[in-house]
Amino acid sequence: LAAAALAAAASVPPAAQAAITFQVTFDDPGGTYAAYYDRIRSNLVAAGNEWASYYGNGHSASLQVQLSFSDVATVSTASVANWFVRQSNGYSIYEQGAAYEILTGKDPNGTTPDIRMTIGRNGYLQNELWFDPSPSKQTATVPANRTDARSVFLHELGHALAFNGWRNAQTGALPGAYESTFDAMVTAGTFNGQPQLYFTGPSARALFGGPVPLTVDSYGHLGNAAPGAGSGSLASDLMNGLSFSRGTRYHVSQLDLAILADTGFPTSTQLASLGNAALAVPLAGSVPEPSTWMLMAGGLAVCAWIRRRVEVRPRA
Ligand SMILES: [Zn+2]
């Protein structure tokens, strides 16, 4: 078996060894939405390639993204598995399965999908999303009355890579003695007398100039509507939790990359300063027991965000 594996490895060109690729499959009984498959696939792969471009050479991962369609208002996404990273202050810290695979080249859950994404089928897919006919070039103008699907996928993949956790969205309390790599950098505070969660990773704090305000009630996102915390530049960030503007292309920001770096996910531009310690990976023996694994997967927060700026809810 080892000899066969070596032979297989030797036959793969070096360029293919150091690549992060995305494969898109559809869980769509009857092929109801087959007319959208090619458009979804090309835009999703283009979004994945933008994230992958920041990880530099030397990473090798094949990420399976499984798409389905349901009655959600917009879209939701999560890594399917989580991977134990370390113990810290009595808490077990887990990273997103997709992040683990990119960092180690090992697939945490075999042939089952790494990322599951669900797209709303009651108009969001058909009437709101715009699929760039050439998403790798991005030369076309996004229609003013549509949301750019590639940008949405880029945002969703951010959740699957790092922007996710198990904290109570209001209080910031953890449900147990476990947390995500993102959770580990979240601190509960107040803003104008109201509860407010902040991302306090050192890279993000340095870049932003202080703790980064997370979206009230949806803390896997950045910023809030005025007069909430972080109502300025964060509102236009790829990972903002307010809305996506129609007719607009979004891209991974420096702050997004800093947050990924703080969750133990160094990007090529930040690798040098972070050093090798940030690349330390867990041993296979650290995999949680199956029951824990299921609990973790089932407890994942998903992205459910507001579709249009005019529909932003007032803060509670
Ligand atoms: Zn989101």
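Apart from one condition, residue 185 fits all of (1) within 15 Å of the ligand (Cβ to nearest atom); (2) in contact (Cβ under 8 Å) with a residue 60 or more places away in the chain; (3) open to solvent by 30 Å² or more (accessible area, probe 1.4 Å); the exception is (1). Note on the range 224-255: among residues that are under 17 Å from residue 172 (Cβ atoms) and either free of Cβ contacts under 8 Å to residues at least 40 places away in the same chain or of a type in the set (Ser, Thr, Tyr) (or both), the one that is nearest to the ligand (Cβ to nearest atom) is 230.
Right, residue 139: more than 22 Å from residue 41 (Cβ to Cβ) and not acidic (Asp, Glu) or not? So residue 139 fails the test.
Count of the range 126-152 residues, restricted to those that are open to solvent by less than 70 Å² (accessible area, probe 1.4 Å) and in a helix (DSSP H, G or I), is 6. Restricting the first member to the range 210-223 and to residues that are within 12 Å of the ligand (Cβ to nearest atom) and part of a strand (DSSP E or B), and the second to residues that are open to solvent by 10 Å² or more (accessible area, probe 1.4 Å) and among the aromatic types (Phe, Trp, Tyr), the beta-carbon pairs closer than 9 Å and six or more apart or on different chains are 214/198. Considering the range 188-203, and only residues there that are open to solvent by less than 30 Å² (accessible area, probe 1.4 Å) and of a type in the set (A, V, I, L, M, F, W, C), the residue that is farthest from residue 226 (Cα to Cα) turns out to be 199. Once the range 189-209 is narrowed to residues that are touching a strand residue (DSSP E or B) at 6+ places or on another chain (Cβ under 6 Å) and in a strand (DSSP E or B), the residue that is nearest to residue 94 (Cα to Cα) is 199.
Kindly indicate whether residue 158 is in a helix (DSSP H, G or I) and within 16 Å of the ligand (Cβ to nearest atom).
yes
Looking for something among the β-branched types (Val, Ile, Thr), away from the ligand (no atom under 15 Å from the Cβ), closer than 19 Å to residue 39 by Cα and without any contact (Cβ under 8 Å) to a residue 40 or more places away in the chain - is there at least one such residue anywhere in the range 61-68? Among the residues of the range 61-68, not one is among the β-branched types (Val, Ile, Thr), away from the ligand (no atom under 15 Å from the Cβ), closer than 19 Å to residue 39 by Cα and without any contact (Cβ under 8 Å) to a residue 40 or more places away in the chain, which makes the answer no.
Can you find, within the range 170-181, the residue that is farthest from the ligand (Cβ to nearest atom) among those that are part of a loop (DSSP other than H, G, I, E, B) and open to solvent by 30 Å² or more (accessible area, probe 1.4 Å)?
Step by step, filter the range 170-181, then rank; the result is 177.
Taking the range 69-92 as the range and being closer than 23 Å to residue 20 by Cβ and surrounded by fewer than 23 Cβ atoms within 10 Å (Cβ to Cβ) as the test, the residues that pass are 76, 80, 84, 85. Residue 217 satisfies every condition listed in (1) among the acidic types (Asp, Glu); (2) under 25 Å from residue 88 (Cα atoms); (3) open to solvent by 30 Å² or more (accessible area, probe 1.4 Å) except (2). Any residue in the range 74-95 that is among the hydroxyl-bearing types (Ser, Thr, Tyr) sitting within a Cβ distance under 6 Å of a residue that is modelled with pLDDT under 85 and open to solvent by less than 10 Å² (accessible area, probe 1.4 Å)? List the pairs, counting only those 6 or more apart or interchain. From the range 74-95, the pairs are 76/303; 77/303; 79/96; 79/97; 79/98; 94/82. Restricting the range 33-59 to residues that are open to solvent by 50 Å² or more (accessible area, probe 1.4 Å) and under 18 Å from the mean Cα position of the chain (by Cα), the residue that is farthest from residue 105 (Cα to Cα) is 41. No other residue among 159, 155 is at pLDDT 90 or above, crowded, with 22+ Cβ neighbours inside 10 Å and out of contact with any helix residue (DSSP H, G or I) (no Cβ under 8 Å at 6 or more places or on another chain) apart from 155. Counting only residues that are within 18 Å of residue 249 (Cα to Cα) and small (Gly, Ala, Ser), the range 53-84 holds 1 of them.
The values are calculated or read from the model by the stated rules, or taken from the named source; none is laboratory data. Values in this document were obtained by computation on a predicted structure and should not be read as measured data. Quick reminder, even Gly has a Cβ in these numbers, built from the backbone with ideal geometry, and neighbours come from all protein chains shown. Ligands, DNA and RNA are excluded from the accessible area calculation, which covers all protein heavy atoms including side chains. Shrake-Rupley method; radii C 1.70, N 1.55, O 1.52, S 1.80 Å.
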